[in-house]
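Single-structure report; data block below.
The values are calculated or read from the model by the stated rules, or taken from the named source; none is laboratory data. Values in this document were obtained by computation on a predicted structure and should not be read as measured data. We place every Cβ from the backbone using ideal geometry, glycine too, and count neighbours over all the protein chains shown.
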């Protein structure tokens, strides 16, 4: 009984720690998609084919990472500035990964283009979650935690179809934001907006 109480207490306290003492919250989600819960910044997985039906290996060099690290210079001084850097970094990820996997022609939405090169919101949010994980591993994301993707549903929330997006949360306030790249063509910065606003059916103005 004493041991059970000690373990339970550790888990509760661990939930307040940004360092993920047990396992990051997105690890179980990645496993459900057939992806490794722990990805290597120099060689990681990319899913595509609608709903992560297909998986490809991507290789990065230190030169690739230098291009991405530039988006965090000068070092962000606030949560907002870090989110701006995250958006720029995700765009560069998409450009580099797209060139290797043939998904560089991906168009915004799901049905504006068809074939292996087109991604749906599950592909987009899953890949973005991996990019966020890698940014954190490289010590670039310091003010946010990486969460599991979230979904909004027709009738309950908004839209004609269910829609999924990656999620980050501020370390201190725990305020959650979606990082949604589905609204734009490959290689363009994703939208980062409060999850509460997004759940109400938010979409960018065109």
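Quick grid of which residues meet (1) more than 11 Å from the chain's Cα centre (by Cα); (2) part of a strand (DSSP E or B); (3) closer than 22 Å to residue 36 by Cβ; (4) at pLDDT 90 or above:
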| residue | (1), (2), (3), (4) |
| --- | --- |
| 103 | yes, no, yes, yes |
| 114 | yes, no, no, no |
| 128 | no, no, yes, yes |
| 145 | no, yes, yes, yes |
| 148 | no, yes, yes, yes |
| 165 | no, yes, yes, yes |
| 168 | no, yes, yes, yes |
| 174 | yes, no, no, yes |
| 178 | no, yes, no, yes |
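For residue 109, the requirement of being closer than 18 Å to residue 182 by Cβ, surrounded by fewer than 19 Cβ atoms within 10 Å (Cβ to Cβ), touching a helix residue (DSSP H, G or I) at 6+ places or on another chain (Cβ under 6 Å) and modelled with pLDDT under 95 is not met.
Among the residues of segment 33-55, those identified as in a strand (DSSP E or B), touching a strand residue (DSSP E or B) at 6+ places or on another chain (Cβ under 7 Å) and farther than 16 Å from residue 128 by Cβ are 43, 54.
The single condition among (1) in contact with a strand residue (DSSP E or B) (Cβ under 6 Å, 6 or more places away or on another chain); (2) in contact (Cβ under 8 Å) with a residue 40 or more places away in the chain; (3) surrounded by 14 or more Cβ atoms within 10 Å (Cβ to Cβ) that residue 59 does not meet is (3). Looking across segment 183-198, the residues that are surrounded by fewer than 17 Cβ atoms within 10 Å (Cβ to Cβ) and out of contact with any helix residue (DSSP H, G or I) (no Cβ under 7 Å at 6 or more places or on another chain) come down to 185, 194, 196, 197. Candidates are the residues of segment 14-32 that are under 14 Å from the mean Cα position of the chain (by Cα) and outside any helix (DSSP H, G or I); the one that is modelled with the lowest pLDDT is 24.
Out of 73, 11, one residue alone is modelled with pLDDT of 95 or more, out of contact with any helix residue (DSSP H, G or I) (no Cβ under 8 Å at 6 or more places or on another chain) and either closer than 18 Å to residue 167 by Cβ or surrounded by fewer than 13 Cβ atoms within 10 Å (Cβ to Cβ) (or both). It is 73. Within segment 56-77, the residues that satisfy the criterion of being in a helix (DSSP H, G or I) and closer than 15 Å to residue 136 by Cβ are 65, 68, 69, 71, 72. Candidates in segment 76-95 are the residues that are free of Cβ contacts under 8 Å to residues at least 60 places away in the same chain and crowded, with 20+ Cβ neighbours inside 10 Å; of these, the one that is nearest to residue 135 (Cα to Cα) is 89.
Within the set 98, 139, the sole residue that is outside any helix (DSSP H, G or I), over 21 Å from residue 195 (Cα atoms) and modelled with pLDDT of 95 or more turns out to be 139.
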